[in-house]
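Trainee: Okay, here's the structure, questions in a sec.
The values are calculated or read from the model by the stated rules, or taken from the named source; none is laboratory data. This one's a predicted model, so the numbers in the text were calculated from it and none came from an experiment. Every residue, glycine among them, receives a Cβ derived from its backbone with ideal geometry; neighbour counts consider all protein chains shown.
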Amino acid sequence: MPIGCFNSLLSLLRISSSYKDVRKVNMGSFFRMLAVNNADLFAIYVLEVMVTYLTNDWNLSLTRATAIINIFVGARDMLLVGMVFIVDTFLGYHHVFLISAILNCLGMILLSLSSAPILSKEISDTQKGLYYTALPLLAIGYAGHAASYQRSLESQIDREITYEDLWKNIYTGLKIMAVIICDYRLIIKSYKFIGGVATYLLSHVGGFAIQFVKSWALRFGIATIFVTVATLLYLTGIASYRKGTPRGSPLTTFFRVVVASCSKNSYTLSPDANQLYHENVLPSIPHTDRLRCLDRAAIIVPNSTLEEQKLNRWKLCSVTEVEEAKVFFFMLPLWINFAMCGVVTSIGGTYFMEQGNQMNPYLGKLKLPLFTLVVFHKLGETLFSFICGMVRDKVRENRRKYVAPIGMAVAMLCSILCCITAAAVERRRLDVVKRYELVEKTKDKSTIPMTMFWLIPQYVFLSALNGISSYCSTRFFNDQAPESVSNYLVDITLGVTGAGIMGSVVTVYAVGKVSEIGGNPSWFQDTINKSRLDNYYWSLASLSSINLVLYALLALKFLYRNSTKSEMEPPEEGTVTEDTKCLDCFN
């Protein structure tokens, strides 16, 4: 599993590694939240291969089915930024987590009803309406969950345990867990702890086991029961949870700076930065000469006192706030590169799944579900992220600032290799389809005599793309951006990647139209066997190559600084990174 999916277990180890301090943890609230997280994770596993449900059961065309999935996944990632903003500005993490849990429950109920044969044996308009209503609810719910879960969970712990403390005591924690399991008296006393471990294992083992269930109505139904029970369990302790208050968002500061600078467009900007408004706060950011147009937000106008101007925060901003806003503008070109990475990422959960769905699922005499490829992909992400961390630790400290940008270039190179490999494998698959005359075969007789494990190489490169880019982007923003905004930049990067996943729908449409020039048939037909996905993959490889060149030009122009943060310093509470998000199937 990716690093993020171990977050719940690591939280359990935080408690077990200091078992004598268990009473300092709001245990009931803690494990009810774990139950909700694991139930939502189980549901996400069910949804991972949902594109095959749309093509097999709904008989939708290839492009329409993949468009629905990519819009859903892309919107889910894009909404993350908005939900983090709502958490920090309006509602706080507890209320957002509560709302997201209810929305996920309602979404899964509607999703189950949309596939229930009791309504209709054939897919009716009512069932389609239920399905299309469920997807937005789930997208908002999962985004809210990812934005609020970590801080909600940590708020139930009185004593803060750092990552360094965790790893130093993990061996002790494992021994204590062994004692708990072997001593029946401690099992009785620690039933909530054991329950947390059980729900964690059930969500992951069950998420794989449920893939052997052929009926999608049964799959959705089991996941709905799991999510509903966990949500009701969470609601039973609604009065016991510790609630946080909104702490303010860097995005608000960004918009304040833009508004204030525009409102003072008629004022002349002095070349002396000391005449700007410098607020006495720590940490402060020194003034820079880049994007000086934004410095107008810190101009102290002469027709009113400083105290009067400070009362209107949308008219006057400090130099530190202006410098924080500048960072967002500097990162805009880089985010464009991540959008293209999102386009490549989108093919992993759609077209790759459809390819595997038509291929031989047997490994010897053992028939494996299509979800096996997803497991391999997620394990690969974890491995590549881990390797990046090891490589960075081996580099001299004064050179580590270059590891993250070089790593992102390597990730983009892997996106090119992923598309090239996928094109070669698809070309071979289409040759087998033609050789055995399977182009026009019905879905129940169209299994291609070519193992689905031919897709492993392209999944390796896709795992490298996601794993390396996730680690290096997080490290890059932590190193190069002020601490007050670095965590938000990571969230925005995930949102931009989601925009790329959603934008892949436009890419498919544009490439399809270009392929029809000269009266040629479109590369995208009703079924995957009639389509020419190999040509589409080559197109993505070309676009990714251009993306890599543009990134290299931007990276060479960037001024890098040495990180001042501790290597073992954990991310700020509430940050949604690959190490902290527990809904780890976001990508």
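Trainee: Output the residues belonging to the range 201-217 that are surrounded by 14 or more Cβ atoms within 10 Å (Cβ to Cβ) and not in a helix (DSSP H, G or I).
Mentor: V213
Trainee: Determine if the range 479-488 includes at least one residue that is closer than 18 Å to T345 by Cβ, assigned to a helix (DSSP H, G or I), modelled with pLDDT under 85 and not assigned by the TED database to the domain that holds L60.
Mentor: No: the range 479-488 contains no residue that is closer than 18 Å to T345 by Cβ, assigned to a helix (DSSP H, G or I), modelled with pLDDT under 85 and not assigned by the TED database to the domain that holds L60.
Trainee: State all residues of the range 512-533 that are assigned to a helix (DSSP H, G or I) and either surrounded by fewer than 19 Cβ atoms within 10 Å (Cβ to Cβ) or not assigned by the TED database to the domain that holds Y351 (or both); if no residue qualifies, say none.
Mentor: G512, K513, V514, S515
Trainee: Here's a check for you: in the range 125-157, which residue that is hydroxyl-bearing (S, T, Y) and part of a helix (DSSP H, G or I) is farthest from I102 (Cα to Cα)?
Mentor: T126
Trainee: Also, quick follow-up: Being at positive phi and at pLDDT below 90, is that true of even one residue in the range 35-54?
Mentor: Among the residues of the range 35-54, not one is at positive phi and at pLDDT below 90, which makes the answer no.
Trainee: Could you check how many residues of the range 247-285 are part of a loop (DSSP other than H, G, I, E, B), exposed (fewer than 15 other Cβ atoms within 10 Å of the Cβ) and under 33 Å from the mean Cα position of the chain (by Cα)?
Mentor: 5
Trainee: Could you grab the pairs with beta carbons closer than 8 Å, sequence gap of 6+ or different chains, first residue in the range 306-330 and closer than 30 Å to Y551 by Cβ, second one acidic (D, E) and assigned to a helix (DSSP H, G or I)?
Mentor: Once the first residue is closer than 30 Å to Y551 by Cβ and sits in the range 306-330, its partners that are acidic (D, E) and assigned to a helix (DSSP H, G or I) give V322/D295.
Trainee: Within the range 293-305, work out how many residues are within 25 Å of S249 (Cβ to Cβ) and out of contact with any Phe, Trp or Tyr (no Cβ under 7 Å at 6 or more places or on another chain).
Mentor: The qualifying residues number 4.
Trainee: Can you tell me which residue within the range 445-472, out of those that are under 21 Å from L430 (Cα atoms) and free of Cβ contacts under 8 Å to residues at least 60 places away in the same chain, is surrounded by the most Cβ atoms within 10 Å (Cβ to Cβ)?
Mentor: P457
Trainee: Those residues that are free of Cβ contacts under 8 Å to residues at least 40 places away in the same chain and more than 30 Å from F31 (Cα to Cα), I need them from the range 213-260; list them, please.
Mentor: K214, S215, F255, listed by residue number.
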